[in-house]
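Some notes on the structure that comes next.
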Amino acid sequence: MFKWFKKSSKNLHPINFSEVGVDIHSHLIPGIDDGAKSLEDSISMIKELKNLGFSKIITTPHIMSDLYKNSPEIINSGLSILKERLAKEKIEIEISAAAEYYVDYDFEQRIGKERFMTLDDKHLLIEFSFLESPRNMNDIIFKLQLEGYTVVLAHPARYQYFSLEDYSSLNNRGVLFQLNLLSLTGYYSKQVQQNAELLINNNFISFVGTDCHNMHHAKLYHKCQTLELWHRLLKSDSLKNKNL
C-alpha cells in the first residue's frame, strides 16, 4: 500500500554525506554545460563537497542534442584537465565522469548504435523534460534495458506531472530513482519537496546526488543534514550510492 506524508518540521543532529560517500550527479567539468564555468569554479565546488563528507564524485555533464552537444571525448578531456588540477593542489578525492542524458527523439535514435557513458558498467543516468514525459517513455526504457543498462532517473521529484501511480509504474519497470538533495529543503518548490517526501515514504529512492552546478548550490547542502527527511531516508537503508 502506498504511503503518504509523515509530517515533521523538527531539525535533528547533522549527519554528513559520508553516510552515502559517493555523489553520483553533478556538473563540475568547466565550460561544457550549465555547471562550472572555470577550473576555479570546479575546484571550489569539489572542496566544498569534500568538506560535506563526500569521498567520491561521479560528475555527470549534460548531453542534450539541441543545447549541450557533449561527447565522451569532450567529457573525458575535461575530466583529465580537472584531475591534473586536483593533483596539483593536492586535493585527495576520487573523481570520474559519466553523463546525464536528456531523453528526446535524438537520444532514442542513438540507443543500440553507441555505448552511453554510465555511472559504473551499467547504471545510466537520464532526465526527462520538466514539462511532460516522453510520449514513448516505456518503450525507451525497455530499449535501454535490452541493451543491458540499469536506468537511473535523475531528480524524479522535479517532474511535477508524475503521480504516485506513475512513480510506482516506473519503479515496477526496474527504473531506479536519484533524488536531488536540495529537493529535501524546498529549494526548487514546495511541491517538489512534497514529491520528495512521497518518494521517500514509499521507499522509491535508490540514490541521492547533489546536482551541483555552482557555489550557490554547494553552500546550501549543509541545510539538508539536519532535516528529519534526510534522517528518514538514511534509516530506510535503500540508498545504493556506495555500490558505485
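Just a yes or no: is a residue in segment 150-160 of a type in the set (S, T, N, Q), surrounded by fewer than 20 Cβ atoms within 10 Å (Cβ to Cβ) and farther than 19 Å from Glu108 by Cβ? Spell out how you get there, then give the answer.
Pass one, segment 150-160, residues of a type in the set (S, T, N, Q): 150, 160.
Subset that is surrounded by fewer than 20 Cβ atoms within 10 Å (Cβ to Cβ): 150, 160.
Next, from what is left, pick out any that are farther than 19 Å from Glu108 by Cβ: 160.
Within segment 150-160, one or more residues are of a type in the set (S, T, N, Q), surrounded by fewer than 20 Cβ atoms within 10 Å (Cβ to Cβ) and farther than 19 Å from Glu108 by Cβ.
Check whether at least one residue in segment 150-165 is without any contact (Cβ under 8 Å) to a residue 24 or more places away in the chain and either in contact with a Phe, Trp or Tyr (Cβ under 9 Å, 6 or more places away or on another chain) or outside any strand (DSSP E or B) (or both), and report yes or no.
Residues of segment 150-165 that are without any contact (Cβ under 8 Å) to a residue 24 or more places away in the chain, as a first pass: 163, 165.
Those still in the list that are either in contact with a Phe, Trp or Tyr (Cβ under 9 Å, 6 or more places away or on another chain) or outside any strand (DSSP E or B) (or both) too: 163, 165.
Looking through segment 150-165, at least one residue is without any contact (Cβ under 8 Å) to a residue 24 or more places away in the chain and either in contact with a Phe, Trp or Tyr (Cβ under 9 Å, 6 or more places away or on another chain) or outside any strand (DSSP E or B) (or both).
Is there a residue being in a strand (DSSP E or B), surrounded by fewer than 19 Cβ atoms within 10 Å (Cβ to Cβ) and either among the polar types (S, T, N, Q) or at pLDDT 95 or above (or both) anywhere in segment 5-25? Give the steps one after another, and end with the answer.
Pass one, segment 5-25, residues in a strand (DSSP E or B): 11, 22-23.
When the remaining residues are screened for being surrounded by fewer than 19 Cβ atoms within 10 Å (Cβ to Cβ), the result is 11.
If we keep only those that are either among the polar types (S, T, N, Q) or at pLDDT 95 or above (or both) as well, we get 11.
Within segment 5-25, one or more residues are in a strand (DSSP E or B), surrounded by fewer than 19 Cβ atoms within 10 Å (Cβ to Cβ) and either among the polar types (S, T, N, Q) or at pLDDT 95 or above (or both).
If you go through segment 123-144 and pick out every residue that is within 18 Å of Ala99 (Cβ to Cβ) and surrounded by 14 or more Cβ atoms within 10 Å (Cβ to Cβ), you end up with 11. Please indicate, with yes or no, whether at least one residue in segment 188-196 is surrounded by fewer than 20 Cβ atoms within 10 Å (Cβ to Cβ), modelled with pLDDT of 95 or more and under 24 Å from Ser44 (Cα atoms). Looking through segment 188-196, at least one residue is surrounded by fewer than 20 Cβ atoms within 10 Å (Cβ to Cβ), modelled with pLDDT of 95 or more and under 24 Å from Ser44 (Cα atoms).
Among the candidates Lys83, Lys50, Lys90, single out the residue that is of a type in the set (D, E, K, R) and either touching a residue at least 24 places away in the same chain (Cβ under 8 Å) or closer than 23 Å to His155 by Cβ (or both). Explain how you work it out, then say what you get.
On the way: Lys83 fails: either touching a residue at least 24 places away in the same chain (Cβ under 8 Å) or closer than 23 Å to His155 by Cβ (or both); Lys90 fails: either touching a residue at least 24 places away in the same chain (Cβ under 8 Å) or closer than 23 Å to His155 by Cβ (or both).
Just one listed residue meets the conditions, Lys50.
Condition check: in contact with a Pro (Cβ under 7 Å, 6 or more places away or on another chain), within 26 Å of Ser55 (Cβ to Cβ) and of a type in the set (A, V, I, L, M). Does Leu182 satisfy that? Before the answer, list the steps.
On the way: in contact with a Pro (Cβ under 7 Å, 6 or more places away or on another chain): no; within 26 Å of Ser55 (Cβ to Cβ): yes; of a type in the set (A, V, I, L, M): yes.
So Leu182 fails the test.
When Ile63, Ile81 are checked against the criterion of being among the aliphatic types (A, V, I, L, M) and within 24 Å of Ile140 (Cα to Cα), a single residue qualifies: Ile63. Of all residues in segment 170-190, those satisfying the criterion of being in contact (Cβ under 8 Å) with a residue 12 or more places away in the chain, in a helix (DSSP H, G or I) and among the polar types (S, T, N, Q) are Asn171, Ser183.
The values are calculated or read from the model by the stated rules, or taken from the named source; none is laboratory data. Nothing here was measured: the structure is a model prediction, and the numbers come from that model. Ideal geometry is used to build each Cβ from the backbone, glycine not excepted, and the neighbour counts take in all protein chains shown.
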